[in-house]
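Only one structure is covered here, and it is reproduced in the block below.
Since every read-out is calculated from the coordinates, none of them should be taken as a lab result. Being a predicted model, the structure only gives us computed values, none of them experimental. Every residue, glycine among them, receives a Cβ derived from its backbone with ideal geometry; neighbour counts consider all protein chains shown.
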Amino acid sequence: MDNIQVFMRIRPLSEDEYRRDRTMQSAVRILSEDTVSIPSQRTETFTFDFVGDQDCPQEQVFEAVGKRAVDQCIKGYNGTIFAYGQTGSGKTFTMQGARDEFTGPDDELRGLIPRCFEYLFDRISEEETRTSGRVKYLCKASYIEIYNETIYDLLDPLIRPCALREDIKRGVFIDNVTEETVQNPNDAYDVFLRGTTSRHVSATSMNRESSRSHSALMLVIQSLTQMDTGLTEIRESKFSLVDLAGSERQKLANTSGVRLKEAANINKSLSTLGNVINSLVDIANGKSRHVNYRDSKLTFLLRDSLGGNSVTSIIANVSPAMCNDAETASTLRFAQRAKMIRNNAVVNHDMQGDVSQLQAEIQRLKQQIAQMRLSPTATPGTVSIAPSMSGSINGAFDIGHDSTISSTHSATPPFVDSINANDAKAQALASKRHNTTQFLLILAMRKLRESERQKSRYADIMFELKNSLERQKRRVQQQKLVLKLAKAENDALRRQAPPAYVSSTENNALREEITELQAALSMQPDHSELLIENTLLYEQLDIIAEKQQPVNALPEYADALAALENLISAKAGSVDLQSAFPIIPDDSVYAGLESRIKQMKHEVNDLEVQRDRLEFQINSIEEDWLCVSDGVRKLANAKTSEHIDSIIEQTMDGIVGDQARDTWATISSLYTQTF
Ligand SMILES: Nc1ncnc2c1ncn2[C@@H]1O[C@H](COP(=O)(O)OP(=O)(O)OP(=O)(O)O)[C@@H](O)[C@H]1O
């Protein structure tokens, strides 16, 4: 577990700021190499991993932030660097550099992005040379922008919007985003420049500033290592360089239309980022919280970077100007909170090979395990079965490359204390049991962690479902009200309308409009069908992302209903027979709406059933894994083989799910063999 690293950078005063305040006093006081305060605000101090003052060169920022991220990505860890701060605080200067053009490696003012490219490809060629070509690297780049809660592909000439999806294998990913292979720093920089140009073009065409959108340049770095066993190890890491929208709150007053929507979306995504960080800080402090990553595109896309599988750094950029001190304090408070988040980065790797190679590898691992069982001196921190025993070889024993699991166990479990130190035989037996127990505990904990991940995925889906349910319920209520009003209005019109109005051309046009809307509604996907499909989905976790379509489809459906609702309210409101032609819809319109409402009620019921089912599944998974770890703990203290048998049986009786039952069967059979 690593805390997110936070770096702070103060930019020089701009000419404008200097003209306004010639005292040249800085709003930020540097107290030591990692601590600052803002005297005009409260007396609080802020401590970070690195503080760069106004003269801090680009090279130093790269040495402190960029190098570490690239080094970790080369090893197979995901890496993320965020630039955070108010508009004009120096985010783009830090990430990209002073110029829009990249003038080559001699340019002192070039930012983190070009420097990371140069260092990454240097490291790649170094590794390939060092391993005499046994390790080969492949890099692919994509570049996106998030504006108004929509993701745009900046490498697509048409800058088309893309959907965000999630599946079990890939985690969160952008569907159909353009990925370009890059082989050297210039290729990568070319991709970056093209994306940046597209960003300017789209900003200009929409008449907005780029500081109102978030951008993320993502590199996927794959390495293939030919191993002596004939197997190929594949490592894959994602390196994300993110320039966030200006962090100041956008004013909603005196704003309307597109600008209002834009401001509301910026506020929403930044406040979601703040909420996510608050929840993660609570979690780091031992509290139990659901993290609402799905509340904005930005947090969902960067889920792994915040509290997940990534080595993450945040650069908090601030202005030194007195007039910006409130925003500067707010940036520093945000950064200070973020520093408490703990991520759990693991190497993403997998093995490939033919059956005989895999069998040989399994054999080798078995020997390693046997050796570990026999060696009384093995301590948890030095258990070294992990690195090669990865991913797809054998799911049940997927220990992974994770020293954090082993290092969290105490070196001497309490049950060993009770062994008489003078009795050599008993000591040997205790050591053997100690090692086996630790090994089994590692297995159980690994599985427990997997189930926790699964649980958190369930919780995310559940959260979505609950929201949909609430929205759907509200819609049903609204539709009922609209229908009631429209009916009352219609009755009134029927009573008042002269026959000439009823058959007027205008009235016919309105009728057609309603018929079209009805047709549009009936063309919406059949929700009942999709919902049934969705129910199956929760039993088939592998296809989660695909099957979330019904939930995602609801807003479109809502749009059609809202349009109909607006039309009916608008028409129902035009009671003045002298100035407007009344609309007198057929009874069939109402009948159609009523049946739609009925259908929506069914859907609400279906969603409720799904929610209950998920709740049950989550509880059941949780209980199963508690049962397994409890069983392992009991086994560690068992004295006789009868006692062991009864623990195994009782634990198995208490487990419901197949996955946990299988794991328990494996653990218990291993334990009986070694006892
Ligand atoms: N460390 C620095 N040294 C010198 N000039 C800087 C530094 N940081 C920022 N600047 C200058 O300050 C101005 C604003 O910086 P920049 O455009 O990077 O801000 P920003 O936070 O990215 O703004 P926006 O949110 O609008 O994109 C630019 O002219 C930039 O060159």
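Cross-link check: pairs LYS67/LYS91; LYS75/LYS287; LYS91/LYS297; LYS67/LYS339; LYS268/LYS473 evaluated at a Cα-Cα cut-off of 29 Å; pairs beyond the cut-off: LYS75/LYS287. Taking 0.36 nm per residue of sequence separation and removing the Cα-Cα distance, the ASN605/GLU33 pair yields an extension gain of 200.0 nm.
When the alpha carbon gyration tensor of segment 260-354 is reduced to an equivalent ellipsoid, its three semi-axes come out at 29, 17, 15 angstrom, largest first. Placing dummy labels 7 Å off each Cα toward the beta-carbon, the span from THR197 to SER132 is 4.5 nm. Extension gain for GLU642-ARG19 works out to 215.7 nm (0.36 nm per residue, less the C-alpha to C-alpha distance). Note that segment 33-86 carries a Kirkwood radius of 13.4 Å, evaluated over its alpha carbons pair by pair.
Segment LYS473..LYS67, full-extension length gain: 141.0 nm, with 0.36 nm per residue of separation and the alpha-carbon distance subtracted. Dipole magnitude for segment 2-349: about 1260 debye, using +1 per Lys or Arg Cβ and -1 per Asp or Glu Cβ, origin at the Cα centre. Here the calculated FRET efficiency for ARG633 and ASP658, from their Cβ-Cβ distance with R0 = 25 Å, stands at 0.65, rounded to the nearest 0.05.
In terms of surrounding Cβ atoms within a 10 Å radius of their Cβ, SER641, SER213 rank from fewest to most as SER641, SER213. Across segment 2-349 the C-alpha pair distances fall into 20 Å bins from zero in the proportions 30, 60, 10, 0 percent.
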